[in-house]
Amino acid sequence: MSTNPPDDTQHSPAWTVPHAVAPTPDPAREEAEARAVLAEAAAEAAQLRAAAHEPVEPEVRLGPTGRPVPSFPAPPPLLEHGPARVIAMCNQKGGVGKTTTAINLGAALAEQGRRVLLVDFDPQGALSVGLGVNPHELDRTVYNLLMERSVRADDVLLKTNVPGLDLLPSNIDLSAAEVQLVGEVAREQTLTRVLRPVLGDYDIVLIDCQPSLGLLTVNALTAADSVIIPLECEFFALRGVALLMDTIQKVQDRLNPRLELEGILATMYDSRTLHGREVLSRVVEAFGDRVFHTVIGRTVRFPETTVVGEPITTYASTSPGAAAYRQLALEVLAR
Ligand SMILES: Nc1ncnc2c1ncn2[C@@H]1O[C@H](COP(=O)(O)OP(=O)(O)O)[C@@H](O)[C@H]1O
Ligand SMILES: [Mg+2]
C-alpha cells in the first residue's frame, strides 16, 4: 500500500514558518522589536504603580429607586421635646399603606427617642385596632375632641405599649363629624385648633387620613406641616395622584401656606417581579427626588401585625419590614 507523504504546506498550522521561506536574520529589526516590547512593559509597570497609589473609589450602592442611597446617620438624642412637626399620611386610595406607615414609622421614630403622637383620623379606626385598641369600647375619641368644646386632647389620649408612642383613637363616630363640621365656623381648622395645646409635648405628630379627599382630610392637611403619600407599587398606583396633588396645592394656597410634600413612599414593593420594578421606576420618573430612598417591601408580616395589634418593630423586630420603617424614620429625621 503506497502512502503519500503528508503535504506540510497545506496542513501545517498557520503560525509555523515553512523552512523554505525562513527569514534571513536582521539584527537591526530584532533590536527595534525588542526595544518596543521593553517600552510597552515599562509603560504597563508605570500604570500599575500609579493605580496602586490612587485612592480607591468607594463603591456606589444603587437603591431600589435606582439612585445612590445616601447614609442616614442616627440623629443626636433630644434634650427637650416639642414643638411637634405634624405629618399627614394621605392618599384617597384605600389599601396603599397609610395606616401601616403611620403605625410603623411612628414606632420607629419612638425608638429614636422621639415623642410621637398618632392621630387616627379615619372612622374605620384601623390605626387604633393596629395598636391593640378596640374602637367600639372607647368612651371618648377624636370625634368628641373635634365636636365638644369641653373635651381636651389629654382626655382622649391613650398610651400604647411602645414607650414614647401615644394615640388619639377613633371609631365610626368620626364619620358623623364630616357632616356636622360642614356648618361650623372655620370648619377646616378644627383639627389644627384641638391639636395645638399638645404640640409642645411631642416631636412628631402623624395623622392617618381616611381614603377620601373630604373635609376630614382637608382638616388633616390644614393641621400638617407636610404630607407623606404612600403609593402601592401596583399598576394603578399613579391614578388619582394628580387630584391629590391638586388638593394639597389648594390647601397650601388657601388654608395652610406652610404645607409641604414630605415625600412619596413606595409600598408593597416586590423586587422579584418585573411589574413591581417597572411601577417603581415610573414613580421615580414622575416624582424624582420627592420619592423616599426607602422602599417598603411586600410582606405578609404587615397583615400579621394588625392581628396582634402591635408595630412590626416589636412584633418582628429583626424582619426586613421593621428595618425598612427604621430606615424611613432616619430618612424623615434627616430631611
Ligand atoms: N408592605 C406591605 N406588604 C404587605 N401588606 C401590606 C403592606 N403594607 C400594608 N399591608 C397590608 O395591606 C392592607 C392595607 O394597608 P393599610 O396600611 O391599611 O392601607 P391604607 O391605610 O392606605 O388603607 C392591610 O391589610 C395591611 O396589613
Ligand atoms: Mg388606613
(request) Identify all residues within region 173-190 that are aliphatic (A, V, I, L, M), under 30 Å from the mean Cα position of the chain (by Cα) and either under 25 Å from residue 257 (Cβ atoms) or not in a helix (DSSP H, G or I) (or both); write none if there are none. (result) none
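Does residue 263 satisfy being within 16 Å of ligand 2 (Cβ to nearest atom) and either under 20 Å from residue 99 (Cβ atoms) or surrounded by fewer than 18 Cβ atoms within 10 Å (Cβ to Cβ) (or both)?
Working: within 16 Å of ligand 2 (Cβ to nearest atom): no; either under 20 Å from residue 99 (Cβ atoms) or surrounded by fewer than 18 Cβ atoms within 10 Å (Cβ to Cβ) (or both): yes.
Criteria not met by residue 263.
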(request) Output the helices (runs of 4 or more DSSP H) that fall wholly within region 283-335 and possess 1 or more residues being away from ligand 2 (no atom under 16 Å from the Cβ) and crowded, with 22+ Cβ neighbours inside 10 Å, or say none. (result) 312-315, 320-334
(message) Test of understanding: among 126, 107, 153, 102, which residue is at pLDDT 95 or above, over 23 Å from residue 212 (Cβ atoms), of a type outside the set (S, T, N, Q) and under 27 Å from the mean Cα position of the chain (by Cα)?
(response) 107
(request) Given the conditions (1) more than 28 Å from the chain's Cα centre (by Cα); (2) without any contact (Cβ under 8 Å) to a residue 40 or more places away in the chain, report the number of the one that residue 145 does not fulfil. (result) (2)
(request) Among the residues of region 213-240, count how many are within 26 Å of residue 270 (Cα to Cα) and either assigned to a loop (DSSP other than H, G, I, E, B) or without any contact (Cβ under 8 Å) to a residue 40 or more places away in the chain (or both). (result) 8
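Answer with yes or no whether residue 65 is in contact with a Ser or Thr (Cβ under 9 Å, 6 or more places away or on another chain), among the hydroxyl-bearing types (Ser, Thr, Tyr), within 16 Å of ligand 2 (Cβ to nearest atom) and touching a residue at least 40 places away in the same chain (Cβ under 8 Å).
no
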(request) Could you list all residues from region 98-132 that are more than 11 Å from ligand 1 (Cβ to nearest atom), among the polar types (S, T, N, Q) and touching a strand residue (DSSP E or B) at 6+ places or on another chain (Cβ under 6 Å)? (result) 128
(message) Restricting to region 281-321, give me the number of residues that are touching a residue at least 24 places away in the same chain (Cβ under 8 Å), of a type in the set (Ser, Thr, Tyr) and either under 18 Å from residue 269 (Cβ atoms) or more than 11 Å from ligand 1 (Cβ to nearest atom) (or both).
(response) 5
(request) Those residues that are aliphatic (A, V, I, L, M), within 16 Å of residue 328 (Cβ to Cβ) and not in a helix (DSSP H, G or I), I need them from region 63-111; list them, please. (result) 69, 74, 87, 88, 89, 96
(request) Please tell me if residue 118 is within 16 Å of ligand 2 (Cβ to nearest atom), closer than 20 Å to residue 301 by Cα and among the hydrophobic types (A, V, I, L, M, F, W, C). (result) no
(request) Output the residues belonging to region 257-280 that are at pLDDT 95 or above and small (Gly, Ala, Ser). (result) 263, 266
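Filter region 76-99 for residues that are of a type outside the set (D, E, K, R) and within 11 Å of ligand 2 (Cβ to nearest atom); which is farthest from the chain's Cα centre (by Cα)?
94
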(message) Could you check region 156-172 and list, in sequence order, the residues that are within 25 Å of the chain's Cα centre (by Cα) and hydrophobic (A, V, I, L, M, F, W, C)?
(response) 162, 165, 167, 168
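The values are calculated or read from the model by the stated rules, or taken from the named source; none is laboratory data. All values derive from a computational prediction rather than experimental measurement. Reconstructed Cβ throughout: ideal geometry from the backbone, glycine too, with neighbour counts over all protein chains shown.
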